[in-house]
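The values are calculated or read from the model by the stated rules, or taken from the named source; none is laboratory data. None of the values given here were measured: they were computed from a predicted structure. With ideal geometry, Cβ positions are generated from the backbone for all residues, glycine too; neighbour counts draw on all protein chains shown.
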């Protein structure tokens, strides 16, 4: 029986690429999504991957959603915390609401999703938790104080939880993508991309969602059992740690 992998924000963008790559690697995949029913339905129709709707910002919804996934597919062995939102503005214009929404989804969402699966992983002596952070959680970004704070917090979460999970056979790692060629990034004005963004990337191009997905597949595998508490930067050399 194949291991079950649950990917949050798993029906679009980087999350969709991760879901598809894990499926190709032999996992039974469940893709969580928050709101775009049409995209989720199209994704399931194209890939056969089941989608489940709930907000990762809501602990009770996460607990119930995970219980449904496990009832349908089996215990979650691999959790990919990929769901994230942006509410960008310069700090002096940032509202408490835009701060709270980003923190609730991008940081508290890791707790809300990981906590319900943690006991089962400990009992089974196996688990993989893979957190998708961001280059802006490493270096910061003007206009994204909320996002950068949350994504930086994801890295602290990863390092601390890895130490708790290690003896139970659970690894916890983070990936920090740079600019990836998702629909959201490609929607940026071509001139801005060409003149302001890509020149900052030493390899001279956007990353591909599949490149992030391949890192996830490796970290989920048995071959990565000695890697935990790590942060892998995938940004084309834009920010070197």
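Before moving on, here are some points about what is shown:
- Some residue of segment 88-105 being buried (at least 20 other Cβ atoms within 10 Å of the Cβ), within 28 Å of residue 183 (Cα to Cα) and in contact with a strand residue (DSSP E or B) (Cβ under 9 Å, 6 or more places away or on another chain): no
- Residue match in segment 124-135 (condition: surrounded by 16 or more Cβ atoms within 10 Å (Cβ to Cβ), part of a helix (DSSP H, G or I) and within 19 Å of the chain's Cα centre (by Cα)): yes
- Selection count where residues are in a loop (DSSP other than H, G, I, E, B) and either surrounded by 20 or more Cβ atoms within 10 Å (Cβ to Cβ) or in contact with a helix residue (DSSP H, G or I) (Cβ under 6 Å, 6 or more places away or on another chain) (or both), scope segment 8-33: 7
- Scanning segment 150-171 for residues being touching a residue at least 12 places away in the same chain (Cβ under 8 Å) and either farther than 15 Å from residue 102 by Cα or out of contact with any helix residue (DSSP H, G or I) (no Cβ under 7 Å at 6 or more places or on another chain) (or both) gives a total of 14.
- Tally, over segment 221-241, of residues that are out of contact with any helix residue (DSSP H, G or I) (no Cβ under 7 Å at 6 or more places or on another chain) and in a helix (DSSP H, G or I): 2
- For segment 88-116, the tally of residues that are within 30 Å of residue 221 (Cα to Cα) and out of contact with any helix residue (DSSP H, G or I) (no Cβ under 6 Å at 6 or more places or on another chain) stands at 7.
- Boolean, residue 5 is outside any loop (DSSP other than H, G, I, E, B), within 24 Å of residue 179 (Cα to Cα), at pLDDT 95 or above and touching a strand residue (DSSP E or B) at 6+ places or on another chain (Cβ under 9 Å): no
- Hits in segment 205-220 (condition: surrounded by 14 or more Cβ atoms within 10 Å (Cβ to Cβ) and part of a loop (DSSP other than H, G, I, E, B)): 206, 208
- Search result, residues across segment 184-193 that are surrounded by 11 or more Cβ atoms within 10 Å (Cβ to Cβ) and assigned to a helix (DSSP H, G or I): 184, 185, 186, 193
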